[in-house]
Each structure stands twice: as C-alpha cells, then as structure tokens.
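The values are calculated or read from the model by the stated rules, or taken from the named source; none is laboratory data. Treat the numbers as computed from the prediction; the structure is a model and nothing was measured. Positions of Cβ are generated from backbone atoms using ideal geometry, with glycine treated the same way; all protein chains shown enter the neighbour counts.
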C-alpha cells in the first residue's frame, strides 16, 4: 500500500473527487429513497444543479412547463436518470484531460469510458445485476492512468519499446518501469475516496477478474465492457487492452461470445441517446 500511496501523493493535481457518488449509490440501494437527501447532495454543486435543470427542461424530457426547482426536476427525471447523469458529469471532470504518458488525447479516455460503461451496464441488465454499480465502476476503472501518466510522460517511448520488444501487455510494462500498474493505483485511489469495497476490488482487478474474489462478477463486467468497446473501435493509446481475461470473464458472467455483436449494436444505439442528452460527443 505504501508504494501505491507514494505514487498518488506525488501527483500535484489529482482529479476532482466524485464525493457524492458513493452516497448517492448507497441511497439508491435503500428501499425508501430519501428524495430530500438526493436533492441536498446535488445542490452542493452548482454545476450539477445546472446540469440537472438543463436536462429536465430539454426537449427529450420537457413537460408542458419548464422548472427552476431542483426537487421538481429530480422527481420528473427519476433517480436512475439522475444518478447516471451525476456519474457522467463527475466522470467527465475526472477523465477529460489528455494523458500524454499513455499517448491519450484530450477527451479520449472519457469517451472510451462512457462507451464501455454503457456496454457493461447493458450486460448487467441482461443478467439482472445492479446497473448503476456497474456503470460507476466502469466510468472510474482507468482513473489510475491519470496518476501514472505524469510519471510515464518522459519515458513514453520506453513504454512502447518495452511492450513491443518483449511482447508485454501494458500492465507488465508499467510494473517493470514503475513498480506499480494503473489498475492497482486506481483501486487504491478509490479506497482513499471512500468508495465501497466491491468497486475498489473491481477496479483493482479489472484486468484479472478471477482474482477479485468475492467481487469477480463486478470486475468481469468491467473487463467485458472493455472488450466490447475495443471491438467497436473505442480503444485509445498504445496497447490499451489485453485479451488475457476474456474467457474467464465470459465464464464468470455466464455469457456466450455469440452475444457480443448484439451488445455492440445495443451499445451503439444507447450512445446516440446519451450523446444527445448529456452532450458527450463534443
């Protein structure tokens, strides 16, 4: 843990903490959701409040009258839509900057994360698992790359050389060059941010889901979402995705590889709606 903390502590500008996500997720899992608490959490952040009101008054959701009242907007939109919007806005703040250490342009990491989060969410819906939990875990699964990007920026060429010359995946090259890899850094950061243990474990082991016991299913959703995004052409950087865990992830989730094209089509359709509602395509 100390080595992971040292890497995190070296970063001068950590991504903004998505503080309200763990509490909102907890509220959604309660039988009687406290509307007042949801409204007060969102109201802490003026930009979130503005986004909720804008979404509520958009052509997609608008009723016969517009509203400037946050509580009314939350009631109209429903908690599921509100949560995903808050997760999307929080993720955009954390993931939109370029990560030169990985050869990732501005917005690229964010767009990849949204694509794969939607895919993972659709797989979870088919299996009857918690879609919001999967969506959240996936949006933040690569947060560790933001921590390590600065350390890799001056040795990016070496990172590429290591992966090509030794036929290594990105994780192996990170470990060799830095002594840590992005998935474990991401898990440790989320633990420091007080995210629940299942999300921490899923992010920590998203490249090796079988090691995330007892949270193998959640880690497998992240892996399969990654795989679907990769097949759809929404990868990023150099050797962004390793296929080593494909068979075990599909087996853990009891999903046939034949279903992947179906999920790709559904993901594409869902992204059109999300881009329209949340303006994620820009």
Mind checking which residues of region 111-125 are free of Cβ contacts under 8 Å to residues at least 40 places away in the same chain and under 17 Å from residue 233 (Cβ atoms)? 113
Residue 109: touching a strand residue (DSSP E or B) at 6+ places or on another chain (Cβ under 7 Å) and under 28 Å from residue 197 (Cβ atoms), yes or no? yes
Can you spot a residue in region 93-103 that is in contact with a strand residue (DSSP E or B) (Cβ under 9 Å, 6 or more places away or on another chain) and without any contact (Cβ under 8 Å) to a residue 24 or more places away in the chain? yes
Residue list for region 255-279, restricted to those being farther than 17 Å from residue 230 by Cβ, part of a helix (DSSP H, G or I) and at pLDDT 90 or above: 258
Subset of region 25-47 (residues that are loosely packed, with under 11 Cβ neighbours inside 10 Å, more than 23 Å from the chain's Cα centre (by Cα) and in a helix (DSSP H, G or I)): 36
Of the listed residues (48, 70, 55, 28), the one being in contact (Cβ under 8 Å) with a residue 12 or more places away in the chain and more than 24 Å from residue 131 (Cα to Cα) is 70
In region 127-152, how many are surrounded by fewer than 24 Cβ atoms within 10 Å (Cβ to Cβ), over 20 Å from residue 79 (Cβ atoms) and without any contact (Cβ under 8 Å) to a residue 60 or more places away in the chain? 2
Any residue at all in region 60-68 that's part of a helix (DSSP H, G or I), on the phi < 0 side of the Ramachandran plot and either in contact with a helix residue (DSSP H, G or I) (Cβ under 8 Å, 6 or more places away or on another chain) or at pLDDT 85 or above (or both)? no
Given the condition exposed (fewer than 14 other Cβ atoms within 10 Å of the Cβ), assigned to a helix (DSSP H, G or I) and modelled with pLDDT of 85 or more, answer yes or no: does some residue in region 81-95 qualify? no
Right, residue 113: surrounded by fewer than 23 Cβ atoms within 10 Å (Cβ to Cβ) and under 26 Å from residue 176 (Cα atoms) or not? no
Please verify whether region 97-109 includes one or more residues that are closer than 26 Å to residue 27 by Cα and either over 16 Å from the mean Cα position of the chain (by Cα) or assigned to a helix (DSSP H, G or I) (or both). no
In region 195-205, what residues are within 13 Å of residue 136 (Cβ to Cβ) and either assigned to a loop (DSSP other than H, G, I, E, B) or free of Cβ contacts under 8 Å to residues at least 24 places away in the same chain (or both)? 195, 196, 200
Can you pull out every residue in region 1-13 that is in contact (Cβ under 8 Å) with a residue 40 or more places away in the chain and surrounded by 10 or more Cβ atoms within 10 Å (Cβ to Cβ)? 3, 4, 5, 7, 8, 10, 11
